[in-house]
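Reviewing the structure listed below.
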Amino acid sequence: MHEMAVAQSILTTISAEAEKQNAKPVIARISCGKLYAINAEALGFAFEAIAKGTTCEGTKLVVEHKPIRGQCRNCGEIFEFELTSPACPKCGSEDFGLLPDEPLILEDIEFLTE
Amino acid sequence: MHKVSIGRKILSANEEYALQNSQFLNERKKLCLNMISSPGSGKTTILTRTINELKGEIKIGVIEGDIQTDLDAGRIRATEAPVVQINTEGACHLSAVQVSGALEKLPIGVLDLIFIENVGNLVCPSAFELGEAGKIVVLSVAEGDDKPVKYPAIFAKSKALLINKIDLLEAVGQVDFCLERAKADARKLNKDIEIFPVSAKTGEGMTDWYDWLKGKVNNLR
């Protein structure tokens, strides 16, 4: 339910941009790493609730999850991995470091053109 | 329709405060650890025992995060350690701005180590940086050995894992928990994670945890 806090930040950013553009935002695209624990449905629900009565009422949020990446300590390969069976695809080593998760980013907004 | 590229970080307000907290702590050479677990895993018991048994060696202060009540702060206060309670009033995680306010209320100059006891929740707190030097995840054996697989984010991000309530493992047939499985699954996600099987109730295994803490604190002195 921390999605509410995230939704509030998104709303603030989109509203500011909408004012600048003087247009109605229709779709906003968000991306984040998988470790951010952002559930698209919960985020959409929270956003819808707080956007009521604002310029963002009815704006659709699209969430793209970026894969988790690791770097192999044996061969240096950087790879995407599944949390269930992580191993280096190049040399098979299970010794790797986790690279920082992709941050939560508001990628772009599509506005209604008058 | 026309598309406008934004490309802006969204948790940036929280991250700014987290950075400020981190700078504040680094300038003063204070170690800060963010403790995260499910409700009831024994975070507060681990802290009270740690504070009492390290008295005279490491001066510990605590920031307590709970949705409601100051029950946990009361338990910390009984050890005579400085404590600040934050009530999140429903929020499932502590945020950096709350910790910033709490840091100002602690007698930071006399402390070596500040523990942040986050709201009992294995999911949300892992996404909010508070300015800590590291995260500590606590898992109690009654919760089951499948938690590293089911809640991977916090195990992947933590510096140390305390597997608590190992005294219950002796009650054969009462708790199904394979210590080796939990350790192996956590290490699969995080090769560097330090793992301490402990019982904060009986004190078993706590010495290794204390040695690790002392090493970290001494590195900053």
Rounded to 5, percent antiparallel among DSSP beta bridges of chain B: 0 percent
Nonlocal amide H pairs with B:Ser140, under 5 Å, H built at 1.01 Å: B:Asn164
Convex hull volume per residue in cubic angstrom - Cα atoms of chain A: 110 Å³
Calculated P(r) tail over 14 Å for the stretch A:22-81, as whole % of Cα pairs: 65 percent
Protection proxy ranking of A:4-15, A:47-58 - average other beta-carbon atoms within 10 Å, highest first: A:4-15, A:47-58
Pair-distance profile P(r), taking every C-alpha pair of the stretch B:62-148, with 5 angstrom steps and integer %: 3, 13, 24, 24, 20, 11, 4, 1, 0
At q = 0.13 Å⁻¹, base-10 log of I(q)/I(0) for the protein assembly as shown (Debye sum, equal scatterers on each alpha carbon): -1.04
Rounded to whole Å, sorted largest first: equivalent-ellipsoid semi-axes of the stretch B:1-119, Cα gyration tensor: 30, 18, 11
Given charges at beta-carbon only (K, R positive; D, E negative), |dipole| of the stretch B:12-220 in Debye: 340 debye
Pairs of lysines in the stretch A:1-93 (C-alpha under 28 Å apart; 8 or more residues apart or interchain): 10
Orphan Cys of chain B, criterion: no other Cys C-beta under 4.7 Å: B:Cys32, B:Cys178
Electrostatic dipole magnitude of chain A [Cβ: Lys, Arg +1; Asp, Glu -1; Cα centre; debye, to 20]: 80 debye
Exceeding the 21 Å Cα-Cα cut-off - candidates B:Lys159/B:Lys188; B:Lys135/B:Lys216; B:Lys30/B:Lys59; B:Lys30/B:Lys216; B:Lys9/B:Lys105; B:Lys147/B:Lys214: B:Lys9/B:Lys105; B:Lys147/B:Lys214
Peptide-level mean, for B:91-98, of C-beta atoms on other protein chains within 10 Å: 2
Least to most buried among B:Leu213, A:Leu98, B:Leu94 (fewest other Cβ within 10 Å first): A:Leu98, B:Leu213, B:Leu94
At most 11 other Cβ within 10 Å, DSSP loop - GluC sites (Glu not before Pro), the stretch B:1-92: B:Glu80, B:Glu89
Amide H contacts of A:Lys60 (H built 1.01 Å from N, under 5 Å, at least 5 apart or other chain): A:Ile27, A:Ala28
A:Ile78, B:Ile193 arranged by Cβ crowding within 10 Å, fewest neighbours leading: A:Ile78, B:Ile193
For the stretch B:12-220, with +1 on Lys and Arg beta carbons and -1 on Asp and Glu, the positive-most of B:Leu213, B:Leu106, B:Ala182 along the dipole: B:Leu213
For the stretch B:12-220, radius of gyration divided by Kirkwood radius, i.e. Rg to Rh on alpha-carbons: 0.94
Alpha-carbon centroids, the stretch B:28-89 and the stretch A:65-114: separation in whole Å: 34 Å
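Laboratory data are not the source of any read-out in this text; all were calculated from the coordinates shown. Keep in mind the model is a prediction, meaning the values are calculated, not measured. Cβ: placed from backbone, ideal geometry, glycine included. Neighbour counts: every protein chain shown.
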